[in-house]
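Asker: One structure follows; several queries about it will come next.
The values are calculated or read from the model by the stated rules, or taken from the named source; none is laboratory data. Note that the coordinates shown come from a computational prediction; the quantities given were computed from them, not determined experimentally. Note that each Cβ is placed from the backbone with ideal geometry, even for glycine, and that neighbours are counted across all protein chains shown. Quick note on the areas: whole protein, heavy atoms, side chains included, nothing else; ligands and nucleic acids left out. Shrake-Rupley method; radii C 1.70, N 1.55, O 1.52, S 1.80 Å.
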Amino acid sequence: MILFAIESSCDETSAAVVKAEEGRFTVLSDIISSQIAIHALYGGVVPEIASRAHCEAVTNVAREAVREAGIGLSDIDAVAVTFAPGLIGSLLVGVSFAKSLAVTLGVPLIPVNHIEGHVAAAYIEHEELAPPYLALVVSGGHTSLYRVPDYTTFEEIGASRDDACGEAFDKVGRVMGLPYPGGAAMDKLAAEYFADPDPQKLSFPFPSPAVGDDSFDFSFSGLKTAVINTIHNEKQKRKTDDLPEAVRRAVAGSFTKTVCDGISKKLAAALRETGIKTLVLAGGVAANSHLRRAIAETCRRRKVAFCVPSLGLCGDNAAMIAAAGYHLLRAGITADSALNALASDAAADEYLATCKARSTS
Ligand code: KG4
Ligand code: ZN
């Protein structure tokens, strides 16, 4: 089966063509047009600008995905699209495009929750992956831990109570003057810190994002504020805005270590309590080299299988939406032509539950 997918929930317009054969995926194309350079001017995503940029890009991105895949439009068996959660104006562009295409081709339209799409990215390179498993999605907009008992059920068992993990990386990165979005640059700076073997090197004690012993919840807001306050204090102490490189590295390294330790602690507890033997790490922050290593080690110690997408599939892309769409279609979950974009996670869950009920009635 050939799936065509569209993703436009935030600041990346993406279209992909993916071949699915009995749960095995071949990505024939996965075109991503990023708006990062535009939003970098403002230090964050400007929703109105994002919608307009999607509108300009979507047709060419879709055409390029079909061309690169070497297929004709008549080869497409189904169209999958991110309909929620995200920026409403951005989502509407992808949803409208996908609806028109599915109706014109006379093929099923599959509504995909963006967060569940991130998790499905892991199926593409891990053929052995099958439910039940635990999935942690760490992105710019979400930090949520799910129990996944079957391909289309996501039970949230923990989440950030405030900022998302990626948001903390980006806000700390902005105060440190790193290029937007700060996650990737912070990864590099922290690597330099960890590579320094000096046992006396500077480090900062930051509060853990692993809050409460009786839940699998996180909080990144206190950590973010503590790191930003430390940066300001160090600047004041030194009477300069240009912190020495050793201090910048120590901030990045201490912050990253605190994030990795906090997430590992919660995951170890969740694996222990649920007894589940497979863990998926997904979302933009799953590209963080230190987090990947820390969680791989947590899983190794607990003899748990660890699946994480390769770097190109961690950030927003349409191939992951196709993979999620395939499993929804197999479960009979499709949308009708009234499909709308939904900004919130809760509204997305409600809509998918309705589709599911319809598929089983
Ligand atoms: O999943 P994603 O592409 O978009 C959302 O759905 O939010 O995630 C984007 C987030 C940004 O906050 C970005 O800074 C972060 O992923 N990110 C990273 C790294 N690469 C991207 N964070 C930490 N380390 C990285 N290497
Ligand atoms: Zn995302």
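Asker: What angle do you read, to the nearest 10 degrees and between 0 and 90, between the alpha-carbon axis of helix 114-125 and the longest principal axis of the chain?
Answerer: Tilt relative to the chain: about 90 degrees.
Asker: Now for a different question. Pop the C-beta distance of GLU127 and SER203 into the FRET formula with R0 = 35 Å and round what comes out to the nearest 0.05. It would help to have the intermediate numbers written out before the result.
Answerer: Details: r = 41 Å, r/R0 = 1.17.
E(calc), rounded to 0.05, equals 0.30.
Asker: Using protein chains only and a probe of 1.4 angstrom, how many square angstrom of GLU245 are accessible, to the nearest 10?
Answerer: Approximately 80 Å² of GLU245 is accessible to the 1.4 Å probe.
Asker: Same structure, new question: Could you tell me how many degrees, from 0 to 90 and to the nearest 10, lie between the Cα long axis of helix 289-302 and the main elongation axis, the longest principal axis, of the Cα atoms of the chain?
Answerer: With rounding to tens, the tilt is 80 degrees.
Asker: Just to confirm the filter: which trypsin sites (Lys or Arg not before Pro) across segment 168-243 are DSSP coil and have at most 11 other Cβ within 10 angstrom of their Cβ? Show your work: numbers first, answer last.
Answerer: Details: sites: LYS171, ARG174, LYS188, LYS201, LYS224, LYS235, LYS237, ARG238, LYS239; in loops: LYS201, LYS239.
Passing sites in segment 168-243 are LYS239.
Asker: Now for a different question. I'd like the carbon and sulfur percentage of the solvent accessible area for segment 133-310, probe radius 1.4 Å, heavy atoms only, ligands and nucleic acids excluded. The partial results should precede the final answer.
Answerer: Values: 3930 of 7850 Å².
Roughly 50 percent, rounded to a whole number.
Asker: Given R₀ = 45 Å, FRET efficiency for ALA338-ALA246 by Cβ-Cβ distance, to 0.05? List each step's numbers first, then the result.
Answerer: Numbers: r = 58 Å, r/R0 = 1.29.
My answer for the efficiency is 0.20.
Asker: Give the lysines reachable from LYS356 as a straight Cα distance under 21 Å; neighbours fewer than 8 places away on the same chain don't count.
Answerer: Excluding near neighbours in sequence, the set is LYS99.
Asker: Here's another thing I want to ask about it. Counting only helical runs of four or more DSSP H residues, what would the 222 nm mean residue ellipticity of the chain come to if each run contributes -39,500 (n - 2.57) and the total is spread over all its residues?
Answerer: Numbers: 11 runs with 172 residues, N = 361.
Rounded to the nearest 500, the figure is -15500 deg cm²/dmol.
Asker: Please enumerate, by chain and number, the lysines with C-alpha under 27 Å from the C-alpha of LYS237, excluding those fewer than 8 residues away in the same chain.
Answerer: Of all the lysines, those that pass the test against LYS237 - Cα under 27 Å, at least 8 places apart if same chain - are LYS171, LYS188, LYS201, LYS224, LYS257.
Asker: May I ask for the angle, rounded to the nearest 10°, between helix 165-175 and the longest principal axis of the chain, with both axes built from Cα atoms and the value confined to 0 to 90°?
Answerer: Long axis of 165-175 versus the principal axis of the chain: about 50 degrees.
Asker: Considering only protein heavy atoms, with the full assembly of protein chains and a 1.4 angstrom probe, order PHE25, PHE97 by accessible area, largest first. Mind dumping the intermediate values first?
Answerer: Details: PHE25 20, PHE97 55 Å².
Highest to lowest solvent-accessible surface, that is PHE97, PHE25.
Asker: Moving on to the next point. Over the chain, average the accessible area per residue using a 1.4 Å probe and give it in Å², no decimals.
Answerer: Values: 15260 Å² over 361 residues.
Solvent-accessible surface per residue comes out at 42 Å².
Asker: Here is a follow-up. Just check segment 133-310 against the gyration tensor rule for me: Cα atoms, a ≥ b ≥ c as the square roots of the eigenvalues, rounded for a/c under 1.5, and otherwise prolate or oblate depending on whether a/b exceeds b/c.
Answerer: Details: a/c = 2.13, a/b = 1.87, b/c = 1.14.
Note, shape of segment 133-310 comes out prolate.
Asker: Efficiency by 1/(1 + (r/R0)^6): what FRET value for ALA195 and LEU311, r their Cβ-Cβ distance, R0 = 22 Å, to the nearest 0.05? All intermediate terms of the calculation are to be shown ahead of the outcome.
Answerer: Numbers: r = 20 Å, r/R0 = 0.90.
Efficiency for this residue pair is about 0.65.
Asker: Once the other residues with Cβ under 12 Å from the Cβ of ASP213 are scored (Lys, Arg +1; Asp, Glu -1), what is the net sum? Before the final figure, lay out the partial values.
Answerer: Values: positive: LYS265, LYS266; negative: ASP214, ASP217, GLU273.
Net charge in that neighbourhood comes out at -1.
Asker: Now a separate question. Pairs of alpha-carbon atoms within less than 8 angstrom and 6+ residues apart define the contacts here; what relative contact order does segment 133-310 have, in percent? Intermediate results must be reported in sequence, preceding the final value.
Answerer: Numbers: 294 pairs, mean separation 47.6, N = 178.
In percent, rounded to a whole number, it is 27.
Asker: Name the GluC sites (Glu not before Pro) in segment 1-67 that are in a loop by DSSP and that have at most 14 other C-beta atoms within 10 Å, would you?
Answerer: Numbers: sites: GLU7, GLU12, GLU21, GLU22, GLU48, GLU56, GLU64; in loops: GLU22.
The qualifying sites are GLU22.
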